[in-house]
Amino acid sequence: MHHSAQRTLWRRFEDEHDDVQFIGDTCKGVRAITEGDGVGEPGDVIALAIAGAEAADGVLAGLDSEWALYIPQQVAYTASALCAQITAAGQALEKLDAHLDVMAERGDIAMPDPDRAAREADEAGRLGLAQTALGSAGYAASTAVAPDIEEPLRRLAAAQRLAPLPADAHETITEVGRLLGDAAKLFTADHVCRTPRPALPDREQCRCRMELTISDGALWDFRREDGEWCLVRRADGHWIELAAADACADPRHVTALIRQAVRTAP
């Protein structure tokens with residue numbers, strides 16, 4: 001796959017963002033194969049293809065949530081990576097087409113004359129039809145994405161943020177409290193969180209807690225605990241970890257999850 005002199009957005013993401021450990025952890029198995037000596041065995045190729053298919057299915061399922069992405073910049077990075085997948089997958093299918101010819105030259109399979117493939121009903125004819133299908137699918141996918149797609153994606157990445165994300169956990173919990181209004185009471189933990197911004201050097205560094213009374217008069221504690229946003233019911237210690245774990249998650253998303261968790265708690 002050829003890349004322009006200017007790196008595509010998805011390739012720049014890890015260089016431009018500090019908090020990318022999860023991406024590295026997610027890609028660790030893939031990079032164990034592709035880095036170093038590179039792909040060398042049939043099992044490597046198959047494993048990479050299956051990992052790519054599972055990843056694409058996961059993206060598709062994740063996008064069913066209205067809070068899957070928060071801002072246009074995240075849409076741009078995701079789209080850049082998906083476009084790269086489509087193009088690379090198409091080129092890979094075209095190479096699979098060519099590998100059938102290589103196998104035929106080695107004597108591993110018998111391929112028909114291309115001019116007679118569609119008319120032959122034996123195994124060679126069926127192989128010929130399968131090869132044609134691979135080549136057609138590969139060409140369609142490899143040419144589906146416009147070569148200049150990165151330019152509009154860069155414009156999307158540069159879009160003004162009308163609702164900027166918090167810079168750290170303290171900003172997140174503070175904004176959640178504002179959104180919940182009278183139902184929330186924030187208790188600032190220590191001098192660090194009382195110090196006027198700039199943002200803390202550690203986004204996780206916030207030991208504040210919030211008391212919430214949202215439904216049926218039940219009292220809940222909301223706080224950051226071990227890298228998770230948590231709700232704890234005072235009456236019985238019932239513990240809920242919210243689905244948005246990021247210290248800088250969109251406060252509107254966190255607020256919606258709090259309301260849902262309290263409403264559905266047993």
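Just so it is clear, none of the values below were taken in a lab; they were calculated from the coordinates. Since we're looking at a predicted model, the values are computed, not measured. Backbone-built Cβ (ideal geometry, glycine too); neighbour counts: all protein chains shown.
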Note the listed values (i) 18.3, 53; (ii) 25.8, 81; (iii) 24.5, 78, then indicate which one is Rg and Dmax of the Cα atoms in Å calculated from this particular structure.
(ii)
Could you give the dipole magnitude of the chain about its Cα centre, charging the beta-carbon of Lys and Arg +1 and that of Asp and Glu -1, in debye to the nearest 20?
1260
Give a quick list of trypsin sites (Lys or Arg not before Pro) in region 129-180 that DSSP marks as loop, anything other than H, G, I, E or B, with at most 16 other Cβ atoms within 10 Å.
161
What order do you get for 94, 151 when you list them from fewest to most C-beta neighbours inside 10 Å?
151, 94
Mind listing which trypsin sites (Lys or Arg not before Pro) in region 1-105 are in a DSSP loop and have 15 or fewer other Cβ atoms within 10 Å?
7
For region 1-92, which GluC sites (Glu not before Pro) are in a loop by DSSP, counting at most 15 other Cβ atoms within 10 Å?
35, 66
Footprinting proxy, 100, 63, 153: sorted fewest to most Cβ within 10 Å, the residues are 63, 100, 153
Please rank 111, 210, 103, fewest neighbouring Cβ atoms within 10 Å first, as an exposure proxy.
103, 111, 210
